[in-house]
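The values are calculated or read from the model by the stated rules, or taken from the named source; none is laboratory data. What you see is a predicted model, and the numbers here were worked out from it, not measured in a lab. Quick reminder, even Gly has a Cβ in these numbers, built from the backbone with ideal geometry, and neighbours come from all protein chains shown. Note: areas computed on protein heavy atoms with side chains; ligands, DNA, RNA excluded. Shrake-Rupley method; radii C 1.70, N 1.55, O 1.52, S 1.80 Å.
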Amino acid sequence: FLATITFLICHFFHGFVILANITKQSELELVRLQSANMESTIQLLKQQIQPHFLFNALNTLKSLIRKKPDLAEDYVIQLSDFLRTSISSQRMDVVSLIQELELCEHYMAMQKIRFGEALFYQVNISDESKRKFVIPIFSLQPLLENAIKHNESTKQFPLTISITEEAGYIIVKNNLKIKRFVEPSTGNGLSNLSERYRILFNEKIIIDQSSSDFIVKIKLIENGKEK
């Protein structure tokens with residue numbers, strides 16, 4: 001009788017171990033599938049941004065060649081710098097804040113060639129934060145692009161865009177003077193950024209609009225603390 005009990009107990013635990021192993025393997029496979037799906041989603045979201053930027057950049061270059069050929073060469077140089085920085089980071093989902101701000105510098109240098117004194121851009125981020133935090137690639141540049149696309153800018157009433165940090169957030173702010181006629185848009189910019197932030201960091205972006213300003217707040221994530 002004791003031998004039978006011992007056999008049954010051993011048989012039970014053997015079956016339990018096999019079941020636990022199968023369950024663990026199933027969980028690991030589910031994690032792999034979720035990870036692959038997340039990576040595919042992020043890549044698709046990134047691919048929505050880059051062609052849109054290139055289309056606009058080439059249209060601008062064509063216009064400069066026709067209207068301001070003396071500035072077209074400077075524009076090409078800045079575009080080249082932007083693309084070089086972009087391509088070097090294209091395999092990454094997140095980049096350091098300093099890398100993303102470098103992309104923004106190249107982009108805004110291109111826009112200053114177009115708009116001159118009708119556009120002001122300033123960044124007030126500490127060097128420590130630039131090194132300490134990471135951000136999804138192409139997070140800030142589309143926000144700058146949207147501000148320029150949707151607002152009028154003249155020498156008398158320039159468009160002012162700022163990037164600052166406050167209370168653990170990076171803040172992109174621009175004054176509002178909405179254009180009466182805006183070129184067609186997919187409207188995916190903010191939703192794209194919001195979805196990537198949710199997937200990568202389980203965080204939300206904050207959008208705040210008043211009668212005078214449009215503000216987007218993005219949670220700063222310390223390097224090495226991604227989800």
*Looking at this structure, is SER191 open to solvent by 50 Å² or more (accessible area, probe 1.4 Å) and at pLDDT below 90?*
yes
_Tell me whether the stretch 54-73 contains one or more residues that are within 19 Å of the chain's Cα centre (by Cα) and open to solvent by 50 Å² or more (accessible area, probe 1.4 Å)._
yes
*Quick one: which of ILE171, ILE161, ILE218, ILE135 is modelled with pLDDT under 90, open to solvent by less than 60 Å² (accessible area, probe 1.4 Å) and in a strand (DSSP E or B)?*
ILE135
_Residue ID - modelled with the lowest pLDDT, chosen from residues in the stretch 80-104 that are among the charged types (D, E, K, R) and in contact with a strand residue (DSSP E or B) (Cβ under 8 Å, 6 or more places away or on another chain)_ = ASP93
